[in-house]
Amino acid sequence: MAQVLPAERDLRRVIGDGDAVPDREVDGLTDHDLVELYRSLVLLRTYDERSVVYHRQGRIGTYAIYWNHEAMQAGSVYALEDDDWIFPSYRESAIGLLRGMPASTVLSWWRGHPAGWWNPLDWNVASICVPIGTHVPHAAGLAWGKKLRGENACAIAYFGDGATSEGSFHEGANFAAVMRAPLVLFCNNNQWAISTPLSAQTAAETLADKAVGYGMPGVRVDGCDVLAVYEATREAVARARAGEGPTFIEAVTYRTAPHATADDPSAYIDAARVEEEKRRECLGRYEAYLRRTGLLSDEAAEAVRAQAADLMREGIAAAEAEPPADPGLVFSHAYVDPPASLTDDLAELKRVLDG
Ligand SMILES: Cc1ncc(C[n+]2csc(CCOP(=O)(O)OP(=O)(O)O)c2C)c(N)n1
Ligand SMILES: [Mg+2]
């Protein structure tokens, strides 16, 4: 029997507050690693902030904002090897950038253009999953397959607090634990599922407690602390590679942006809490940490930001240079034998577009 410990209740932290709470160090991380993590954070932040502007300009469609979720994504991906598979939800739409995927590809996805349909094998990044939690069993299956083939790679699935109420989360978590699949279950607990607060989502004291029921360790980490996220994920990955099965990571944060560009959170959110959380947002905290350790100058920070801004400028230009998509694609790939009504709908769409 696997020995299952009660979930770590306390939030794991590495970055202090520059005052009473001291900084810790993560074993094995070099100065180069620390600066690379900064690059990742800035890249993701720049993608997110530019995307909101592009949305307002009508250049991309509805967009799921991930502002202040960057530390969870950058820290966890940095703990992976390139052979490891990433299964993102819409909240991690741009996570492929950390593997070198062009910004134009992700922007095309949000433009609803087929240039945004990448081949998962090219980056070991699965398609962005919009249905809540349905990618968890996919990730568990892929991880189990890696184990059966004797490969060393693992998989990580990203999902939200709301996803832990879905059947597919349960099925994937249970299956991975029973099969000892090399899987990391990474829960972004931003405390909201659109307008549903965490208190209405679960009666469990913490989400990490759920791990115990599946027979896997559960870890709680400060989701705004990129180094704590890295450290926790590195341990989970080591367990996975050692044949010890999955780990559930609950990264705790608070959603400070709307759920997506189509949402108006003023109807339900606590505005004072949002302001408080914004003051401890993950990029600013990491920047302050790097300055305390003497690893980041104003010039270096500016150069990293300028590089990310250039990448986005080139990305949107490349996405907009794509030839218009064939509207027929909307009707493809769903049916082997499309029903007659779809043929009629396609003909009508073409008439409207041509007219
Ligand atoms: C199966 C399914 N049911 C409902 C929805 C509608 N929906 C979109 S986002 C969302 C909230 C998900 O919240 P959470 O899992 O906490 O992720 P977050 O958006 O906070 O990252 C819901 C219910 C969906 N996309 N898929
Ligand atoms: Mg959520």
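The values are calculated or read from the model by the stated rules, or taken from the named source; none is laboratory data. What you see is a predicted model, and the numbers here were worked out from it, not measured in a lab. A quick note on method: Cβ atoms are made from the backbone with ideal geometry, for glycine too, and the neighbour counts reach across all protein chains shown.
The table that follows gives values for the structure above.
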| quantity | calculated |
| --- | --- |
| In the stretch 126-140, residue farthest from ligand 2 (Cβ to nearest atom) [restricted to those that are of a type in the set (Gly, Ala, Ser) and over 16 Å from Ser93 (Cβ atoms)] | Ala140 |
| Residue satisfying all of: in the stretch 126-159; among the small types (Gly, Ala, Ser) and surrounded by 23 or more Cβ atoms within 10 Å (Cβ to Cβ); nearest to ligand 1 (Cβ to nearest atom) among these | Gly133 |
| Set Ala74, Ala94, Ala126: member being among the small types (Gly, Ala, Ser) and touching a residue at least 60 places away in the same chain (Cβ under 8 Å) | Ala74 |
| Residue count, the stretch 101-115 (criterion: under 18 Å from Leu43 (Cβ atoms) and either outside any loop (DSSP other than H, G, I, E, B) or within 15 Å of ligand 1 (Cβ to nearest atom) (or both)) | 8 |
| Selection within the stretch 219-258 - in contact with a Ser or Thr (Cβ under 8 Å, 6 or more places away or on another chain) and in a loop (DSSP other than H, G, I, E, B) | Gly223, Cys224 |
| Qualifying residue in the stretch 208-221 (condition: surrounded by fewer than 19 Cβ atoms within 10 Å (Cβ to Cβ) and either closer than 30 Å to Arg39 by Cα or among the hydrophobic types (A, V, I, L, M, F, W, C) (or both)) | yes |
| Pair list, Cβ < 7 Å and 6+ apart or interchain, from the stretch 186-198 residues that are within 27 Å of Leu80 (Cα to Cα) and modelled with pLDDT under 95 to residues that are more than 7 Å from ligand 2 (Cβ to nearest atom) and of a type in the set (Gly, Ala, Ser) | none |
| Condition met for Ala319 (in a helix (DSSP H, G or I) and either within 16 Å of ligand 1 (Cβ to nearest atom) or touching a Gly at 6+ places or on another chain (Cβ under 9 Å) (or both)) | yes |
| The stretch 263-293, subset loosely packed, with under 14 Cβ neighbours inside 10 Å and touching a Phe, Trp or Tyr at 6+ places or on another chain (Cβ under 9 Å), residue nearest to Ser195 (Cα to Cα) | Tyr268 |
| Of all residues in the stretch 166-178 being in contact (Cβ under 8 Å) with a residue 60 or more places away in the chain and touching a Gly at 6+ places or on another chain (Cβ under 8 Å), the one that is farthest from ligand 1 (Cβ to nearest atom) | Ala177 |
| Selection from the stretch 180-214 of residues that are under 19 Å from Glu235 (Cα atoms), away from ligand 2 (no atom under 16 Å from the Cβ) and not in a strand (DSSP E or B) | Arg180, Ala181, Pro182, Asp209, Ala211, Val212, Tyr214 |
